[in-house]
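Peer 1: Below is the structure I would like to discuss, written out as structure tokens.
The values are calculated or read from the model by the stated rules, or taken from the named source; none is laboratory data. The structure displayed is predicted, hence computed values, not measured ones. Virtual Cβ from ideal backbone geometry, glycine too; neighbours counted across all protein chains shown. We work out accessible area using only protein heavy atoms, side chains counted, and drop any ligands, DNA or RNA first. Shrake-Rupley method; radii C 1.70, N 1.55, O 1.52, S 1.80 Å.
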Amino acid sequence: MSSDVVSSRPTFEAFGLGRDLLRALDDCGYTHPSPIQAETLPHLLQGSDLLGQAQTGTGKTAAFALPALERLDLLRREPQVLVLVPTRELAIQVAEAIARYATHLAGVDSLAIYGGADFRAQVNRLRRGPQIIVGTPGRLMDHIRQGNLSLDKLGTVVLDEADEMLRMGFIDDVEWILGQSPAQRQVVLFSATMPAEIRRLSRQYLRDPAEVTIAVRKADTRRIHQRLLQLHAPQKLEALHRVLEAEASEATLVFARTKIVTAELDEALEARGHRCAALNGDVAQAQRERIIERLRNGQIDVVVATDVAARGLDVERISLVVNYDVPLDPEAYIHRIGRTGRAGRKGDAILFVTPRERRLLMAIQRLTGQQLEPMALPGPEAVNSKRELRLMERIRQQLGGHDVALFERILVEFCKAESITPIRAAAALAQLLQGERPFLLSLDDQLSMPQAHGGRDALLRRGGREGGRSERRERRPDRREQSLAADMDRYRIEVGWKHRVKPGNIVGAIANEAGLQGKAIGRIDIFAEHSTVDLPKGMPGDVFAALQQLTVVDQPLRIRKLQSRRETTAA
Ligand code: AMP
């Protein structure tokens, strides 16, 4: 953020913040208040209620945390400030920010309370009388009901990301909690948007509030280079692979609509050698924290998340957000892309859009007031040149490896004995590293994208229909297309799980008849009444004829080669 701030603005001193807080801000490297801070600090320090329209990334956490800390009675060991947030991640993040700002203030105790964490441990911590509590509504209510937490002495309640709490169905809980706090408390409400329900809440619970709106949306998303990739649903997985390979991203966050898709993508990406993890509602809290930490410290580079699981995620390394599925709610798009471009950095965002999602795209463009820039799918050349560079980088990193000298000696002897050049030996080692999978994408591996049928904006003009693809295909990554290697052809056989066939039956029969080694037989996908099997390209005619005569589990195979890529994916 600091790069946005101009030096003619007042400094933090001018607002009358105490010395210890100023020192902490200095430690954090904040030179000037952000606009939302400059506008809200005077009101909040006076104890006024406040209605703030601002998003994550504007510095709103410090805007409410600094006055709260300034006004804290450090001698009283009881809850004085309650911050309500929609998610566990945000609770942790806000509590961490508060702890950072309070570094030099002796005697401040703040605590994050959220579901999924150990209840007993929270009870024990609550007994120590933390002055600031940051929590999600459900777990807070449990503690209040059980008498572990009293809000009687609360001076300030902050509702952070109120619209998100509304969206997640927490508003009744928020009102219940507000009802447990003293009538005279200060209420601060921050929300990225102001739907009618949030307006009602503010009318009902805020007294004569100061109103502050920070028009960050356009300014904030301007730092993020937003592009649009038009494709058909079955192409998404391949497109994701290529984008991840071709884009120079430090860490990438991929958004999918459902947790099933996050898990499937995680699996597919891992199979291609990405260091990745899925973040969805099924991931236990401790595990989520580990994932975020590993993303932060560079142990993983790709996280595939649902919208809810990624709320509040603040990791500076994320330089690319891929919207694998278009969000149904355009507001969610802004939240998603806001996960990159953190702390004043630049960020990239790519939105995958299928023809049937045109309306969603329009809604997003209306909301952000920006046209997304169409991009082409990275072609085999782009991907391949990145692969070569990455291989060279991997080699470079190993030059100082502890056994390199030893290998050098072995290779010298080997080259002499075999009369080959060291380069050839090194190339064979690279092949060993690569295994069976082709190192390069085949140059004719061009996917036919929607714009190929009539210019890059064809999708925008043609409207919603996409040649009869099923809803299921729309949402799921296509595992079959994923694995059709360049040196294989895909065949269809008329035996499926209804005939109780197992992959072993198919491998056994084909291996015997075609004289192929089992491992030369590629991917097999079994469907209800048929299956597909990948076999090496260039099968001799007589072998094929023999396979056509074959029966497996008493079913004639009636094998036939699938011709087009479209046919191979629709089989
Ligand atoms: P927030 O909107 O609270 O999530 O803050 C967004 C980011 O801005 C966080 O990384 C903060 O550490 C950072 N930040 C907050 N206030 C300032 C400031 N006055 N100067 C520089 N960075 C800030």
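Peer 1: Sorted by accessible area with a 1.4 angstrom probe, largest first, how do HIS143, HIS225 fall?
Peer 2: Sorted descending by solvent-accessible area, the residues read HIS225, HIS143.
Peer 1: How large is the accessible surface of PHE12 in square angstrom, using a 1.4 angstrom probe and rounding to the nearest 10?
Peer 2: Surface accessible to solvent at PHE12 totals approximately 10 Å².
Peer 1: Continuing with the same structure: Take ARG76, ARG366 and sort them by solvent-accessible surface of the protein heavy atoms, 1.4 Å probe, largest at the top.
Peer 2: ARG366, ARG76
Peer 1: Return the FRET efficiency for the residue pair ASN297, ARG145: r is the Cβ-Cβ distance, R0 is 41 Å, and the value is rounded to the nearest 0.05. Mind showing how you got there, number by number?
Peer 2: Working: r = 38 Å, r/R0 = 0.93.
Taking R0 as 41 Å, the efficiency between ASN297 and ARG145 is 0.60.
Peer 1: To two decimal places, what compactness ratio does the stretch 203-303 give when its Cα radius of gyration is scaled by 2.2 N^0.38 Å?
Peer 2: Numbers: Rg = 18.2 Å, N = 101, 2.2 N^0.38 = 12.7 Å.
Here the Cα radius of gyration is 1.44 times the empirical estimate.
Peer 1: Additional query: Taking 0.36 nm per intervening residue step and subtracting the Cα-Cα distance, what contour gain separates ALA546 from GLN184 on full extension? Working shown, then result.
Peer 2: On the way: separation 362, 0.36 × 362 = 130.32 nm, distance 8.70 nm.
My answer for the length gained is 121.6 nm.
Peer 1: Using a ≥ b ≥ c from the Cα gyration tensor of the stretch 272-396 (square roots of the eigenvalues), is it rounded, prolate or oblate, where a/c under 1.5 gives rounded and otherwise the larger of a/b and b/c decides, a/b for prolate? Working shown, then result.
Peer 2: Numbers: a/c = 1.85, a/b = 1.15, b/c = 1.61.
In terms of gyration-tensor shape, oblate.
Peer 1: Provide the net charge surrounding THR306, with neighbours chosen by a C-beta distance below 11 Å and charges set as Lys +1, Arg +1, Asp -1, Glu -1. Could the numbers behind the result be given before it?
Peer 2: Values: positive: ARG257, LYS259, ARG311, ARG336; negative: ASP282, ASP307, ASP325.
Here the charged neighbours net out to +1.
Peer 1: What accessible area per residue, rounded to a whole number of Å², is obtained for the chain using a probe radius of 1.4 Å? If you can, show how the numbers build up before the last one.
Peer 2: On the way: 26730 Å² over 571 residues.
Averaged over the residues of the chain, the accessible area is 47 Å².
Peer 1: Another question, if that's okay. With each run of n ≥ 4 DSSP H residues scored as -39500 (n - 2.57), what mean residue ellipticity at 222 nm is computed for the chain after dividing by its residue count and rounding to the nearest 500 deg cm²/dmol? Write down the numbers at each step before the final one.
Peer 2: Numbers: 24 runs with 240 residues, N = 571.
That calculation yields -12500 deg cm²/dmol at 222 nm.
Peer 1: Give the relative contact order (percent, whole number) for the stretch 12-213; include only Cα pairs under 8 Å separated by 6+ residues.
Peer 2: Details: 343 pairs, mean separation 58.7, N = 202.
The normalised contact order for the stretch 12-213 reaches 29 percent.
Peer 1: Sticking with this one: Can you give me the % of accessible surface on the stretch 148-290 that is carbon or sulfur? Probe 1.4 Å, all protein chains present, nothing else counted. Intermediate results must be reported in sequence, preceding the final value.
Peer 2: Working: 2630 of 5550 Å².
Reported share for carbon and sulfur atoms: 47 percent.
Peer 1: Roughly to the nearest percent, how much of the accessible area of the stretch 488-561 is carbon and sulfur, given a 1.4 Å probe? It would help to have the intermediate numbers written out before the result.
Peer 2: Values: 1890 of 3900 Å².
Here it works out to 48 percent.
Peer 1: Computed FRET efficiency, Cβ-Cβ of SER385 and LYS416, R0 45 Å: what is it to the nearest 0.05? Please report the intermediate quantities before stating the final value.
Peer 2: On the way: r = 34 Å, r/R0 = 0.76.
That pair, SER385 with LYS416, gives E of 0.85.
Peer 1: Still on this structure, I have one more. So, taking all protein chains as they sit and a 1.4 Å probe, how much accessible area belongs to THR213, in Å² rounded to tens?
Peer 2: Only protein atoms counted, so the area is about 90 Å².
Peer 1: Among ASP525, ASP325, ASP208, ASP118, what's the order by accessible area (1.4 angstrom probe), most exposed first? Write down the numbers at each step before the final one.
Peer 2: Numbers: ASP525 30, ASP325 5, ASP208 145, ASP118 95 Å².
Result of the area sort, largest leading: ASP208, ASP118, ASP525, ASP325.
Peer 1: While we're on this one: With axes computed from alpha carbons, what is the tilt in degrees of helix 60-70 against the longest principal axis of the chain, rounded to the nearest 10 within 0 to 90?
Peer 2: On a 0 to 90 degree scale, this one is about 40.
Peer 1: Just tell me which lysines come within less than 27 Å, Cα to Cα, of LYS236; anything on the same chain fewer than 8 places away is out.
Peer 2: Cα-Cα hits under 27 Å: LYS259, LYS346, LYS386, LYS537, LYS561.
Peer 1: Please work out the FRET efficiency for the pair LYS561 and LEU75, using the Cβ-Cβ distance as r and a Förster radius of 60 Å; give the result to the nearest 0.05. Numbers along the way, then the final one.
Peer 2: Details: r = 82 Å, r/R0 = 1.36.
The computed FRET efficiency comes out at 0.15.
Peer 1: Further question on the same structure: Report, by chain and number, residues whose modeled amide H sits under 5 Å from the one on ILE350, excluding near sequence neighbours (fewer than 5 apart, same chain).
Peer 2: HN-HN under 5 Å from ILE350: ARG227, VAL321, VAL322, ASN323.
Peer 1: Expressed as a whole percent, how much of the Cα-Cα distance distribution for the chain exceeds 29 Å? The partial results should precede the final answer.
Peer 2: On the way: 102561 of 162735 pairs.
Tail of the P(r) past 29 Å holds 63 percent of the pairs.
Peer 1: Could you give the nm distance between label points at ARG275 and ARG19, where each point is 7 Å from its Cα heading toward the beta carbon?
Peer 2: 4.4 nm
Peer 1: Where does the charge balance sit around ARG294 when Lys and Arg score +1, Asp and Glu -1, over other residues with C-beta under 13 Å from its C-beta? If you can, show how the numbers build up before the last one.
Peer 2: Numbers: positive: ARG275, ARG288, ARG290, ARG296, ARG317; negative: GLU289, GLU293, ASP301.
For residues surrounding ARG294, the net value is +2.
Peer 1: While we're looking at this one, here's another question. If you roll a 1.4 angstrom probe over the protein chains with everything in place, what fraction of the accessible area of the stretch 382-428 belongs to carbon and sulfur, to the nearest %?
Peer 2: Numbers: 2450 of 3910 Å².
In the stretch 382-428, the share of accessible area belonging to carbon and sulfur is 63 percent.
Peer 1: For ILE510, what accessible area in Å² do you get when you roll a 1.4 Å probe over the heavy atoms of the protein chains, rounding to the nearest 10?
Peer 2: 0 Å²
Peer 1: Let me make sure I get this right: for the stretch 382-428, a, b and c are the square roots of the gyration tensor eigenvalues over alpha carbons, sorted descending. Under 1.5 in a/c it's rounded, otherwise prolate if a/b > b/c, else oblate. Which is it?
Peer 2: On the way: a/c = 5.33, a/b = 1.59, b/c = 3.35.
Oblate, since a/c reaches 1.5 and b/c is not below a/b.
Peer 1: Considering Cα pairs under 8 angstrom that are at least six residues apart, work out the relative contact order of the chain and quote it in whole percent. Mind showing how you got there, number by number?
Peer 2: Details: 946 pairs, mean separation 69.5, N = 571.
Once divided by the residue count of the chain, the mean separation gives 12 percent.
Peer 1: By its C-alpha gyration tensor, with a ≥ b ≥ c as the square roots of the eigenvalues, how is the stretch 17-58 shaped: rounded for a/c under 1.5, else prolate for a/b larger than b/c, else oblate? Before the final figure, lay out each step's value.
Peer 2: Details: a/c = 2.84, a/b = 1.35, b/c = 2.10.
In terms of gyration-tensor shape, oblate.
Peer 1: Net charge around ARG424, counting only other residues with Cβ within less than 15 Å of its Cβ (Lys, Arg = +1; Asp, Glu = -1)?
Peer 2: Details: positive: LYS416; negative: GLU413, GLU418.
Every neighbour counted, the sum reads -1.
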